[in-house]
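A short reminder: the numbers here are calculations on the coordinates, not readings from a lab. Note that this is a predicted model, so its numbers are computed, not measured. Methodologically, a virtual Cβ is constructed for each residue, glycine included, from the backbone with ideal geometry; neighbour enumeration extends over all protein chains shown.
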Amino acid sequence: MKKGFFITIEGCDGSGKTTQWDLLKQSLNQNSNNLVFTREPGSTDLGKELRKILLNREDLILSAEAELLLYLADRVQHIKEIIRPALEQGKTIICDRFFDSTIAYQGYARGLSIEKIVLLNNIITENLKPDLTIFLDVDPNVSLSRSKDKNKIEFEGLEFQKKVREGFLSIAKTDISRFEIINTTNLSIEEVHIKILELIKKKSCKNN
């Protein structure tokens, strides 16, 4: 059975990650039957409800462990409903966040056991990994200043975001064949977009 191509875009809050994901929808023809644009959390009906709890319900105070399990619940449903069926059909998936965010946020920033998070992720994903992960790197001082509509995570502050960034960079060092890093600090939105398109073209050609 033909396997599709799985791309994830990662970054700290305010890195421009979602902006770039939206631009890719426009430039890569979102109406194509071979392209699937998705995100975590919130791409399934269950995910939409979990997203509200995780990012917008300021009246709910979650423990780090509860937060982790809700993200994993979103991922299980996401994989079953969207990701695996698309890959089995040979489609290209472009996903805004995946398991690297869980390791960076709940592991490096929240202080939960990274080893246990990786184990749980491997169990629920059945070791599914992206073919290409693009990390949009930016100084947290810059990224937080860019954020307009802050969610619960962004209100964690500068030190939290620094830990998240350190987490992503550490993960990238352990999986260099999958990760591509773009430093967006001094680049325009258009320049970042061009670099992402070049990476996708290069990696997808190798995959074929």
Extended-chain gain in nm, criterion 0.36 nm per residue less alpha-carbon gap, K173 and D45:
42.6 nm
Taking springs between alpha-carbon atoms closer than 10 angstrom, which of K116, K91, K163 fluctuates most in the Gaussian network model of the chain?
K116
³J(HN,Hα) computed for each position of the stretch 69-82 - Karplus, 6.51 cos²θ - 1.76 cosθ + 1.60, integer Hz, glycine/proline x
5, 5, 5, 5, 4, 4, 5, 4, 5, 4, 5, 5, 7, 10
Looks like the stretch 1-40, by Cα gyration tensor root eigenvalues a ≥ b ≥ c and the a/c under 1.5 rounded cutoff (else prolate when a/b is bigger than b/c, oblate otherwise), is oblate
Once a ≥ b ≥ c are taken as the square roots of the eigenvalues of the Cα gyration tensor of the stretch 48-113, is the result rounded (a/c under 1.5), prolate (a/b larger than b/c) or oblate (a/b not larger than b/c)?
prolate
Once you sort the root eigenvalues of the Cα gyration tensor of the stretch 88-204 as a ≥ b ≥ c, which label holds: rounded (a/c under 1.5), prolate (a/b larger than b/c) or oblate (the other case)?
oblate
Which value does Rg/Rh take for the stretch 1-111 over its C-alpha atoms, Rh per Kirkwood?
0.99
Amide hydrogen neighbours beyond the local backbone of T8, cut-off 5 Å, H modeled:
C95, L132, T133, I134
The chain, relative contact order [Cα under 8 Å, separation at least 6], %:
33 percent
Per DSSP, the loop-located GluC sites (Glu not before Pro) within the stretch 15-71 having at most 10 other beta carbons within 10 Å are E58
Cross-link pairs K163/K201; K52/K202; K162/K201; K116/K162; K52/K201; K25/K202 - those with Cα-Cα distance over 29 Å
K163/K201; K52/K202; K162/K201; K52/K201
Which three extents, in angstrom, do the Cα atoms of the chain have along their principal axes, listed largest first?
44, 38, 31
